[in-house]
Amino acid sequence: MEPDAVEIRVVGCLIEKQRTTPDVYPLSLNSLRLACNQSTNRDPVVDYDEQTVVEALRRLALRGWTRLASGAGSRSRKYRHLLNEALGVDDAELSVLAVLMLRGPQTPGELKQRGQRLHEFADLGAVHEVLDRLIERELVKRHPRQPGQKEDRYEQLLGEGSSEAGSSSGATDASGEAGASGNLDAAKATLLAELREHSLVIGEVTLSSGTTAQYYVDARRALLRPAGFKAAGELIAAAAAEVGATAVGGPATAAIPPSCAALAVPAGKDLVGFFVRGERKQHGLQRWVEGPVEPGARCLVVEDTVTSGGSTVAAIERIREQGLEVAGVVAVVDRMAGGAAAIEAAASAPYKALLTIDEIYPDRSDRGDAQA
């Protein structure tokens, strides 16, 4: 019996995370379930429970495609794939198969763009060479271009999870794109509109540094409204999935609205939140970090607005002191005043801003200066 759709999703996720987040690979059962269920880079989006993933891992182990990678004394069971060994494929071939397993039939251009995170293809010709080798070994099938489509499409033949060629193939890809990056583009557009309408204050204000500016962005005035809250939540939950984070949080009180927003959207249902105190609590457990996070958890550090990055850097230090891992950092707004470089240096992890001051206020008089 050929592998079912769950097995294909599970082994595809193991390949992807081996390449994109090698520091947490092999994956724990919970991390693997989150990877299967993430809403970005997946078609279709699924909602597997733990037992479903466990059963798929059992069947995959019998096929020789996965194995348990943790020792007897390990705190949690971890899993790795063996697909390259089982099939005798090289790095480029494995990367193409992984994208096809996770996203269904694709064009060569889509494979190059979406597979670049897993393997660096020199050009489109390199992708075609890989596809030709996989077709020769009957691991991939080419579907000729259909009416309304511009290119041939390619499908993995390892197991279930791919649609047959035809009008449904194009529709599946289009809906998958709209359901992932399309929805995130819409969320970003909504957040931008909310920030411009509710958060951008034009007029002389005194900044926390003591200097004056002719405008100010108070992100919480947008984040604490329904539309801005939901849009930010979708973007932050997607960012958490990209880096394999299981918790979101940052310095109090700035990080609390965006962190809660990520927990409130469907893509964030498996996340937990936390916040970092400005001062250590003097009674009880006397923690810097409050929330249901355990040592070893991968955290996405969230900040509403980044200027110099000082409060974010301080929060990162406290998070690490508590035995937590910084998987990445996200700012709702970056004022482009040097904070990004300071945060990246402190975090040793990816940093991204959902929006910058140039996007929110493109006509500002000091554009290009460090005042904002």
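The values are calculated or read from the model by the stated rules, or taken from the named source; none is laboratory data. All figures in this text were calculated on a predicted structure; none of them were measured in a lab. Cβ coordinates were reconstructed from backbone atoms using ideal geometry, including for glycine residues, and neighbour counts include every protein chain displayed.
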Answer from L139, L102, L134 - the residue that is at pLDDT 95 or above and within 24 Å of D23 (Cβ to Cβ): L102
Candidates R225, R277 - the one that is within 17 Å of S311 (Cβ to Cβ) and either modelled with pLDDT of 95 or more or not assigned by TED's automatic domain parsing to the domain that holds T20 (or both): R277
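Matching residues to (1) in contact with a Lys or Arg (Cβ under 6 Å, 6 or more places away or on another chain); (2) buried (at least 19 other Cβ atoms within 10 Å of the Cβ); (3) under 22 Å from G339 (Cα atoms):
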{"site": "A267", "(1), (2), (3)": "no, yes, no"}
{"site": "F275", "(1), (2), (3)": "no, yes, yes"}
{"site": "P292", "(1), (2), (3)": "no, no, no"}
{"site": "V302", "(1), (2), (3)": "no, yes, yes"}
{"site": "V306", "(1), (2), (3)": "no, yes, yes"}
Scope the stretch 228-263; condition surrounded by fewer than 24 Cβ atoms within 10 Å (Cβ to Cβ), at pLDDT 95 or above and under 19 Å from P292 (Cβ atoms); matching residues: I256, P257, C260, L263
Which numbered condition F121 misses (of (1) part of a helix (DSSP H, G or I); (2) closer than 25 Å to Y154 by Cα): (1)
Helices (runs of 4 or more DSSP H) wholly inside the stretch 1-110 that include at least 1 residues being farther than 22 Å from Q156 by Cα: 29-37, 50-63
The listed residue being under 21 Å from A241 (Cβ atoms) and β-branched (V, I, T), out of V127, V46, V140, V96: V46
Residue that is of a type in the set (A, V, I, L, M, F, W, C) and buried (at least 22 other Cβ atoms within 10 Å of the Cβ), where the choices are L124, L139, L102: L102
Complete set of residues in the stretch 353-363 that are in a loop (DSSP other than H, G, I, E, B) and touching a strand residue (DSSP E or B) at 6+ places or on another chain (Cβ under 9 Å): Y361
Residue that is farthest from A222 (Cα to Cα), among those in the stretch 297-318 that are touching a residue at least 60 places away in the same chain (Cβ under 8 Å) and β-branched (V, I, T): T312
Single condition D90 does not satisfy, out of (1) within 28 Å of E151 (Cα to Cα); (2) at pLDDT below 95: (2)
Check on V24, in the same structural domain as R117 (by TED's automatic domain parsing) and in contact with a Ser or Thr (Cβ under 9 Å, 6 or more places away or on another chain): yes
Subset of the stretch 27-67 that is without any contact (Cβ under 8 Å) to a residue 12 or more places away in the chain and among the hydrophobic types (A, V, I, L, M, F, W, C) - its residue that is surrounded by the fewest Cβ atoms within 10 Å (Cβ to Cβ): L62
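Considering each residue of the stretch 311-352, count those that are part of a helix (DSSP H, G or I) and not β-branched (V, I, T), and give that number.
15
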